[in-house]
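Below you'll find the structure, written out as structure tokens, and then a few comments.
The values are calculated or read from the model by the stated rules, or taken from the named source; none is laboratory data. None of these values were measured; they are calculated from a predicted model. With ideal geometry, Cβ positions are generated from the backbone for all residues, glycine too; neighbour counts draw on all protein chains shown.
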Amino acid sequence: MERVKERAKVLEIKDLRVSFHTRRGVFKALRGVDLELYKGEVLGLAGESGSGKSTLGLAIMGLLPRNARVESGEVLLDGSKDVLKRLRDYGSRDVKFDPRKNEKLIKRLNKELREVRGRALAMVFQEPLTSLNPVLQVGYQIAEAVYYHDPMRLVRRAISRNRCTQADLRDLMTTLKTKGEEALIEEVEKRNLRGLEEQILSIWRRQDIHEAKKEKLILSLDKHKLDSKDRLGISIYLRGLQRVPVLGRLAKDALIKEGYRLAVEILTYLGIPHPEKVVRMYPHELSGGMRQRVVIGIAIVNNPEIVIMDEPTSALDVTIQAQILELVSSLKASSNRSFIFISHDLSVLAEVSDRIAIMYAGKIAEVGPVKVIFEEPQHPYTKMLMDAIPTMDKTELKAIPGSVPDMRSPPKGCSFSNRCPFVMPKCKEMEPPMVEVSEGHKVACFLVGERK
Amino acid sequence: MIGAFNLKKYFPVRGGVVGTQYLKAVDNVTLTVRRGEVVGVVGESGSGKSTLGRMLIRLLEPTGGEILLDAPEEEMVKYREALESGDKESAEMISRKYSLLRKKGSELRKLRTRMSMVFQDPYSSLDPRFRILDVIMEPMISTGYLRGEEARKKALDLLEEVGLPRAFGNRYPHELSGGQRQRVAIARALSTDPELVILDEPTSALDVSVQAQILNLLKEFRRRKNITMVLITHNIAVVSYMADRVAVMYSGRLMEIGDKDDVLTRPKHPYTMALISSVPRPRPGEARKRIVLKGDPPNLLSPPRGCVFHPRCPMAFHECGWTAEEVAEDINYLVQGKYYNVFGDNVKVIPLQDKVKVEGANPESIKKVLEVERENIRSLTAVKEVTEDSLLIIHAFQEPKLYKESERRSVSCLLYR
Amino acid sequence: MEERTEEGKYSNLILSLKVFFSNRTAVAGMVIFLAYVVDALIMQFDPRLLGVTNPNQFTYNFVNPVPQPPSSQYPLGTTYPGINLLQAILEAIRVDLGYSMLIVVGGAVIGAVVGILAAYVGGYLDELLMRFTDIFFSVPYLVLAIAVGFALGRSFTSMVIALIIVWWPIYARYTRSLTLSIKESVFVEAAKAAGASMVRIMFKHILPNTLPPVVVQISLDLGSVVGVFATLAFIGFIPNANTPELGYLASLGLNYVQSAPWTVIFPGLAITLFALSVNLMGDGLRDVIDPRRRS
């Protein structure tokens, strides 16, 4: 647990308040959320429908709809970049909220965030079919994700492969075998072949084939030279002519073609059999689990620091869900990425998360390390939720009476007070503050404050 | 109380070049439900569990098979034996007496009072233009069970029984929350005092806290009214909480059936084992062996031969239905990847009819690879022998039947022949 | 996203009104439409309010039969034979509106029944009924209407029947496609499980759910029906020459159209304005019933 403290914060959310202005009234979706995400962890975000967990995910991405008003709060990336500043500046002003004005700001925000998304932040949605374009090949969609965020990476890959010789590859192979991966990267740098290292390493890191095969694949990289059309396309790109109508097409075609190669590497990495065939398929030809892998592939292809997964397994079957959960765990282990895993299913979160935040009615009720949350939950809502989940060994379920409050007029004081069995007069008056009960374990409940 | 025998449902799928194909949604399922018990039917999407439930109350007409209603236990057993031994005459006699499928018109309508269904999505299962009271009264009026004022009174009582205020009767469904709507759907299903209720994923559209409320409500009704229930769900935890017996389905077939505790704690069928081990548990950090199945459920238009589960089964063996294509693919994968150093570039793997030809490889090294990899790659078990000219002969396969594993337990797996 | 719960406090009606009234052109359309309706009602029940003594006839003035341009006495001028155009239009609206309503609603009722039957029963009946509507679709509607009209004799009744015959296939097609989707919904399945008969499912469950879109369609169609009705009257498809009707009114001034264009323009404008208003209103209504546009 102390290690958690030492880790660097990659994301910090401070007092975030977002409301949705609809014809049915103003829904207060987030009502002051404070949360941190540390490097290399999986943060599980649990809550029922209407708790605001999905809104939180969207707010971090800056993907809010036009009727969302950011009333206050900051979303800080790497401790500095304030994602929602523009929207907050408008939303916190005391004027009548105009969705059209907000939409303009969101459009501008999207332009700004294009850089950030993909490289720093990526998102995986619940229903893979809706986040994939049905008329484009899977490989194209992965390639395009790279093309938009980091086209130079594709250029480097193509050029370095085109330039390298058999002798280069042999030397690099020896370096890799004798001195390891870091030496390889240095060596590539020295030979001015940047872009080649990721191609070599993606083969080298494969688990499923024999060393001899890997070696052969790496040594044959120089066989995949560019044809004249692609060379032309890339030189057009390098001369900055990609906006010229016909020439631009050539440039994009060449880079997308390179992107397909990258897509094959990514899909191989995600454990999809026959990746060369899969990249040429359309989303509807894939099964649900495969589609979700592809979506994850698109999310991680630009090596983002933070991946937000909004119910990534809820539409999948249990056996497929197990595959995806295993994939998430292995992604976490093999990189230093941070994940926010949003789910209504606490059991799923128990499997993947390092820390868990429980949301209720637009606020964090309790947050802490996963073991603590499951073994010593402090907030009455968390406790009751644990008793309400059916599991294979429970003989009795204790339902939580009542239902979620109307988010147009959330109750004064603690939002759980109308369903809480331990309710005190104080709970109806004031909102309970977040109290740290133990290292990294915070609870928003007066009961806990009392005891301290 | 109700028994389904060799029940089949094939949906025709009109295709271009291939002509009409049949999607085998449910294939040869035999399932009996005793009075007063709760049978859980678990399976993943596409396993045919919902289709099975709809056939049991004749919302869908089966393509084949028989459903017996109200037949005493002995008759059911006799019918089954008659079917197995091919004794058509006595089967016909029993079926004439108890068959649900032969009921027609008013007789069927009368039967509708005795069975009902609760659907998955409470947002779409209530007619948006009906008031709640009319929704609940519908089965009583349609079947002539109760009429007018009596039906009204009963509906109001039911509202109270499912924990909703009587005043809700005049509201429209869109004014209610998901949990409340599902309560209404339950009230509707119980309005004709049915003996059999089919619950099709009754809680999967609901939040956890509401799910517990609904499950407890159903349990309460079951205790008070001794209703027989068939609970269809993908959520094993829900089945574990509610059911007495569990049937596990996969790709339209029944894999295993038995008492809940037996099936869930000591699964016999490899699929059940994998399914149960994949259920996430709220025990962080708990070390347990999880069987993660490879691949996806099969395409129901052309299911695998033999046992439908064999391509994903970690325990499959030579008779499970391996085809030359499946074996060839796995061998090719090994030859090209892991054993590249042994075989090199010039090996070609060609699937033939029940044989796999491996060109350019020496039979001894193939045998060695088969020996080592057999444990992990189950398709290799199907290789009966490797001939001198590197021809791999594939074993004959057997279709699994439902084997009686113990008195109250049947498993459809060749391991339990 | 979070709207499903606790919807009850805001009644659906209020929400629908909000959606409708936020569409300004639709409100303008409705205002014009209501003006027409009010005019028709006044003419029906108390025409003297607008200074008309007999709304069933045009008031001729043979003393000065030549069309007069708009003046303070005749705000819209007069048409042959000396008819006060404003008054005549006010009278004629009642007839046009009434018969058009009759035609559209009649067509919609027949079409809805046929469409629901075809879609719900399906199979051969569906095939038969839809081929039948195809026949009607394949003949140009004006030709069909004239043919039916001649067969039945030239009267208002036969004109109404002719147009209903022309119009119902559109509704049959429309309700059929609506029914096909509603038929698959879970609440229909639930009704089947409850033992509801086919007739009950068709008319208690499916029909009420097809109504809102059909009503929108009616409102959109009303404009074109008025146009067609007036056209038929204009080309002389009218029995009793003295009945106030917009198309007929326009045809009266036809001989003077070069010297006195208002005699044709104003009746035509009355028709166009009506068609425009119901179309705008229909668009607004469509927004009301479309859940996607309600957020």
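Count of the range A:2-58 residues, restricted to those that are away from chain B (no Cβ under 14 Å) and part of a strand (DSSP E or B), is 29.
Going by the conditions given, is B:Thr192 within 14 Å of chain C (Cβ to nearest Cβ) and either more than 23 Å from the chain's Cα centre (by Cα) or on the phi < 0 side of the Ramachandran plot (or both)? When the stated conditions are applied, B:Thr192 passes them.
All conditions in (1) modelled with pLDDT under 90; (2) within 7 Å of chain B (Cβ to nearest Cβ) hold for A:Ala350, with the sole exception of (1).
So that you can scan it fast, the table gives a plain yes or no per residue for (1) over 27 Å from B:Val342 (Cβ atoms); (2) assigned to a helix (DSSP H, G or I):
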{"residue": "A:Val116", "(1), (2)": "yes, yes"}
{"residue": "A:Leu154", "(1), (2)": "yes, yes"}
{"residue": "A:Thr174", "(1), (2)": "no, yes"}
{"residue": "A:Asp208", "(1), (2)": "no, no"}
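Identification of helices (runs of 4 or more DSSP H) wholly contained in the range A:229-325 with 1 or more residues that are over 14 Å from A:Leu154 (Cα atoms) and small (Gly, Ala, Ser) yields A:245-269, A:288-300. Looking only at the range A:407-419, residues that are in contact with a Phe, Trp or Tyr (Cβ under 9 Å, 6 or more places away or on another chain) and either facing another protein chain (nearest Cβ under 7 Å) or exposed (fewer than 15 other Cβ atoms within 10 Å of the Cβ) (or both) come to 1 in all. Checked against the criterion of being part of a strand (DSSP E or B) and facing chain C (nearest Cβ under 8 Å), the candidates B:Ser124, B:Ser116 yield just one match: B:Ser116. For the range A:396-406, taking the residues that are more than 8 Å from every other protein chain (Cβ to nearest Cβ) and surrounded by fewer than 20 Cβ atoms within 10 Å (Cβ to Cβ), the one that is nearest to B:Val210 (Cα to Cα) is identified as A:Gly402.
One residue stands out among those in the range A:373-383 that are crowded, with 19+ Cβ neighbours inside 10 Å, more than 8 Å from chain B (Cβ to nearest Cβ) and out of contact with any strand residue (DSSP E or B) (no Cβ under 6 Å at 6 or more places or on another chain): the one that is nearest to B:Thr203 (Cα to Cα), which is A:Pro380. Only one entry in C:Asn61, C:Asn56 is loosely packed, with under 15 Cβ neighbours inside 10 Å, within 23 Å of the chain's Cα centre (by Cα), over 19 Å from C:Val278 (Cβ atoms) and not charged (D, E, K, R), namely C:Asn56. Checking every residue in the range B:148-167 against the condition of being within 29 Å of the chain's Cα centre (by Cα) and at pLDDT below 90 gives zero matches.
Would you check if there is a residue in the range B:138-148 being at negative phi and more than 10 Å from chain C (Cβ to nearest Cβ)? Yes, there is a match, as at least one residue in the range B:138-148 is at negative phi and more than 10 Å from chain C (Cβ to nearest Cβ). Please determine whether any residue of the range C:48-60 is more than 19 Å from C:Leu273 (Cα to Cα), in contact with a helix residue (DSSP H, G or I) (Cβ under 8 Å, 6 or more places away or on another chain), modelled with pLDDT under 80 and of a type in the set (Gly, Ala, Ser). Yes, some residue in the range C:48-60 is more than 19 Å from C:Leu273 (Cα to Cα), in contact with a helix residue (DSSP H, G or I) (Cβ under 8 Å, 6 or more places away or on another chain), modelled with pLDDT under 80 and of a type in the set (Gly, Ala, Ser). Residues in the range B:294-306 that are within 14 Å of B:Ala274 (Cβ to Cβ) and within 18 Å of the chain's Cα centre (by Cα): B:Asp296, B:Pro297. The residues of the range C:118-132 that are surrounded by 10 or more Cβ atoms within 10 Å (Cβ to Cβ) and more than 10 Å from C:Leu180 (Cβ to Cβ), listed by number, are C:Val121, C:Leu125, C:Glu127, C:Leu128, C:Leu129, C:Met130, C:Phe132. Inspect the range A:209-220 for any residue being touching a residue at least 12 places away in the same chain (Cβ under 8 Å), more than 14 Å from chain B (Cβ to nearest Cβ) and either crowded, with 18+ Cβ neighbours inside 10 Å or closer than 30 Å to B:Asp345 by Cβ (or both) and give the result as yes or no. No: the range A:209-220 contains no residue that is touching a residue at least 12 places away in the same chain (Cβ under 8 Å), more than 14 Å from chain B (Cβ to nearest Cβ) and either crowded, with 18+ Cβ neighbours inside 10 Å or closer than 30 Å to B:Asp345 by Cβ (or both).
The condition of being touching a residue at least 24 places away in the same chain (Cβ under 8 Å) and at the interface with chain B (Cβ under 8 Å from one of its Cβ atoms) holds for only one of A:Met359, A:Met386, A:Met392, that being A:Met386. Just one of (1) over 29 Å from C:Ser155 (Cβ atoms); (2) at pLDDT below 85 fails for C:Thr25. It is (2).
Here is a yes/no grid of residues against (1) in contact with a Leu (Cβ under 7 Å, 6 or more places away or on another chain); (2) buried (at least 21 other Cβ atoms within 10 Å of the Cβ); (3) polar (S, T, N, Q):
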residue	(1), (2), (3)
A:Arg108	no, no, no
A:Ala122	no, yes, no
A:Pro128	no, yes, no
A:Val146	yes, yes, no
A:Cys164	yes, yes, no
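In summary, A:Val370 fulfils each of the numbered conditions (1) buried (at least 24 other Cβ atoms within 10 Å of the Cβ); (2) within 9 Å of another protein chain (Cβ to nearest Cβ); (3) touching a Lys or Arg at 6+ places or on another chain (Cβ under 7 Å); (4) β-branched (Val, Ile, Thr) with the single exception of condition (1). The single condition among (1) surrounded by fewer than 20 Cβ atoms within 10 Å (Cβ to Cβ); (2) under 21 Å from the mean Cα position of the chain (by Cα) that B:Gln336 does not meet is (2).
Rundown of residues vs (1) surrounded by fewer than 20 Cβ atoms within 10 Å (Cβ to Cβ); (2) within 13 Å of chain B (Cβ to nearest Cβ); (3) assigned to a helix (DSSP H, G or I), yes/no style:
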{"residue": "C:Ile161", "(1), (2), (3)": "yes, no, yes"}
{"residue": "C:Ile164", "(1), (2), (3)": "no, no, yes"}
{"residue": "C:Pro169", "(1), (2), (3)": "no, no, yes"}
{"residue": "C:Ser177", "(1), (2), (3)": "yes, no, yes"}
{"residue": "C:Ser181", "(1), (2), (3)": "yes, yes, yes"}
{"residue": "C:Val188", "(1), (2), (3)": "no, yes, yes"}
{"residue": "C:Val199", "(1), (2), (3)": "yes, yes, yes"}
{"residue": "C:His205", "(1), (2), (3)": "no, yes, yes"}
{"residue": "C:Leu211", "(1), (2), (3)": "yes, yes, yes"}
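The number of residues in the range A:263-320 being among the small types (Gly, Ala, Ser) and farther than 18 Å from A:Glu198 by Cα comes to 5.
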